[in-house]
1. Rule-of-thumb check for the range 30-69: C-alpha Rg over 2.2 N^0.38 Å?
2. May I ask for the percentage of alpha-carbon pairs in the range 14-144 that lie more than 17 Å from each other?
3. Which residues does the label zone of Thr41 cover in the range 70-92, counting backbone N under 17 Å from a point 7 Å along Cα→Cβ?
4. Would you please classify the overall shape of the range 88-141 from the alpha carbon gyration tensor, given that a ≥ b ≥ c denote the square roots of the eigenvalues, rounded means a/c under 1.5, and beyond that prolate means a/b larger than b/c while oblate covers the rest?
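No value in this document is a laboratory result; all are computed from the given coordinates. All values derive from a computational prediction rather than experimental measurement. Quick reminder, even Gly has a Cβ in these numbers, built from the backbone with ideal geometry, and neighbours come from all protein chains shown.
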Amino acid sequence: MPNHTAMDPSRRRWLRADFAAPRPAPCLPWLDAERCFAHCTRCGACTAACPEGIVAAGDGGFPAIDFARGGCTFCGACAAACPADLFAPERRAPWHARVVIGEGCMTHQRVYCQSCCDACEARAIGFAPALGTVPRPVLDDAACTACGACIGACPVGAIAWIDNGRKQARAGEAGTLRETATG
Ligand code: SF4
Ligand code: SF4
Ligand code: SF4
């Protein structure tokens, strides 16, 4: 009999505290880290403008996305609020990034969970049936916008956001990333 165990909320909190918490990403949409570090005055206008409340102080007090608070809706309010006009939403993709679901995903311990799927408006996370265990999440890279909404939704911080330009994992299981098995 498979152990399809629903997760107790107190155990979920304990597990979350035990894993690395998501850290602010190094850039905002349409504003890469290099340009930000070189020209941003840290005035805080983008932080105040974000309706999702996900722009936080990152390295050196420069603005950064904190995916623990939620995902980016690409509304453009941060870009419009910047008095230095550093963002370029009309010329650039919001970012060159992707997310990865790591092996810390609870389904590897046969714990039933689909929180990431529920958080994904793009419907980029599906669940593959697996014989003798719980279904595991499968990410559709083509559909994923790297909005990050799934990152804070994961009870154990198993999802990482990776800046393809800088080859850095900035959230969840930084340093131990391997794509989750699909079977
Ligand atoms: S695009 Fe909108 S939701 Fe995303 S960081 Fe900027 S203000 Fe926040
Ligand atoms: S980062 Fe990708 S998989 Fe995660 S919620 Fe956003 S679109 Fe969905
Ligand atoms: S990656 Fe998805 S299915 Fe796995 S523990 Fe996190 S939220 Fe749950």
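1. This ratio for the range 30-69 stands at 1.08.
2. 64 percent
3. The answer is 79-87, whose backbone nitrogens lie closer than 17 Å to the label point.
4. It is prolate, given that a/c is not under 1.5 and a/b is the larger ratio.
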